[in-house]
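*Asks:* Please read through the structure below; I'll follow up with questions.
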Amino acid sequence: MPIGVIESSLNARGMRIAFQRSEGAGPTLVWICGFRSDMGGTKAAWLHARADAADRAFLRFDVTGCGRSGGAFEDGTIGVWLADALHVIDTVSEGPLLLIGSSMGGWLALLAARARPERVKGLMLIAPAPDLTERLMWPEMTDAARKDVLEKGVWLRPSAYDDTPTPITRALIEDGRHHLLMAAAIPFTGPVRIVHGQADPDVPWVLSLELAERLASEDVRLTFVKNGDHRLSTPRDLDLLGAVLDDLCRDLS
């Protein structure tokens, strides 16, 4: 099926979850988007086209409230988006998986690997943001912003990537506390590759160092891009991501 075709599947909540996929050799590469991102982003599309050219199976999808999927963004939480990821993994893909998580998608990838240990064989994490809501969002809020979250149920955070502010809901913050990973060992033992820009203004690169220490795997490799930003979407960045992914695929073959 051409990778430009948008398909969809109804999850357990009756929400339409949109996805794109291409058939090929396994393990299936599964792209998991970051916070308020969608599967049409530069990295996702570029890696999918590259995988398709190499005859590798690839799957990308939009979570609730993002891109082509149904629902409102304000209805999303880490638990809701994790359920979306597991729904797509369980109903659309088969066999072993290599999860590629970008930013918050890195957190979701780690959670999905914990939930489906028999299927997830490797992880590629790009500027991963585990425990994003508690480690980065909540501490950076002003007293006024926290008051909005607690009393109004939402704070509209100005966005550096969009003209409209991003709603940060009380449900998002409180639900995130049920999915925290960084206070204990993370049991994943498969190969992990982490790429992080050292000029990332959104997710500090030192978080990836801490994550590497938390992972049980003995096959963890970190690549830091000295002047790389959070998006890591320049042609040079994309070439690096492609090379890292190729190496990981070879290690899993």
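Throughout, read-outs are computed from the coordinates displayed, never taken from laboratory work. This structure is a prediction, so every number in the text was calculated from the model and none was measured. Positions of Cβ are backbone-derived with ideal geometry, glycine not excepted, and every protein chain shown enters the neighbour counts.
*Asks:* Rg (Å, one decimal) plus Dmax (Å, integer) for the alpha carbons of the stretch 165-253?
*Replies:* Cα radius of gyration and Dmax of the stretch 165-253 are 15.3, 43 Å respectively.
*Asks:* Mean 1/r over all different Cα pairs, inverted: what Kirkwood radius does the stretch 79-136 give, in Å?
*Replies:* With all distinct Cα pairs of the stretch 79-136 included, I get 11.4 Å.
*Asks:* Averaged across orientations, what area in nm² does the convex hull of the alpha carbons in the stretch 167-210 project?
*Replies:* Answer in nm², one decimal: 4.6.
*Asks:* Also, quick follow-up: Between 0 and 90 degrees, rounded to the nearest ten: what's the tilt of helix 42-53 against the longest Cα principal axis of the chain?
*Replies:* Result, in degrees: 20.
*Asks:* Follow-up question, since we're still on this one. Under the rule that an exposed site lies in a DSSP loop and has at most 15 other Cβ atoms within 10 Å, name the longest stretch of the chain with no GluC sites (Glu not before Pro) of that kind, not counting the sites themselves.
*Replies:* 119-217
*Asks:* Right, something else. Can you run phi through the Karplus equation (6.51, -1.76, 1.60; θ = phi - 60°) for the stretch 196-201 and list ³J(HN,Hα) in whole Hz, with x for Gly and Pro?
*Replies:* Each residue's phi maps through the Karplus curve to give 8, x, 7, 10, 6, x Hz.
*Asks:* Rounded to whole Å, give me the distance from the Cα center of the stretch 21-90 to that of the stretch 112-128.
*Replies:* 14 Å
*Asks:* Using only the alpha-carbon atoms, what does the chain span along each of its principal axes? Please give whole angstrom values in decreasing order.
*Replies:* 51, 39, 34
*Asks:* Name the trypsin sites (Lys or Arg not before Pro) in the stretch 184-253 that are in a loop by DSSP and that have at most 16 other C-beta atoms within 10 Å, would you?
*Replies:* Lys226
*Asks:* In addition: Would you list, by chain and number, the aspartates and glutamates whose Cα falls below 20 Å from the Cα of Lys147, excluding same-chain residues fewer than 8 positions away?
*Replies:* Partners within reach: Glu74, Asp75, Glu134, Glu174, Asp175.
*Asks:* Next question. Nearest 10 degrees, 0 to 90: what angle lies between the long axis of helix 104-115 and the longest principal axis of the chain (Cα atoms)?
*Replies:* Computed tilt is about 70 degrees.
*Asks:* Here is a further query. Take the Cα pairs of the stretch 21-117, get the Kirkwood Rh, then feed it into Stokes-Einstein at 37 °C and 0.692 mPa s and tell me D in µm²/s.
*Replies:* 248 µm²/s
*Asks:* While we're on this one: So for the stretch 103-242, Kirkwood radius off the Cα pairs, Stokes-Einstein at 37 °C and 0.692 mPa s: how many µm² s⁻¹?
*Replies:* 203 µm²/s
*Asks:* For Ser102, enumerate residues with amide H under 5 Å from its amide H, sequence gap 5+ or separate chain, H modeled in the peptide plane.
*Replies:* HN-HN under 5 Å from Ser102: Ile32, Gly34, Ile126.
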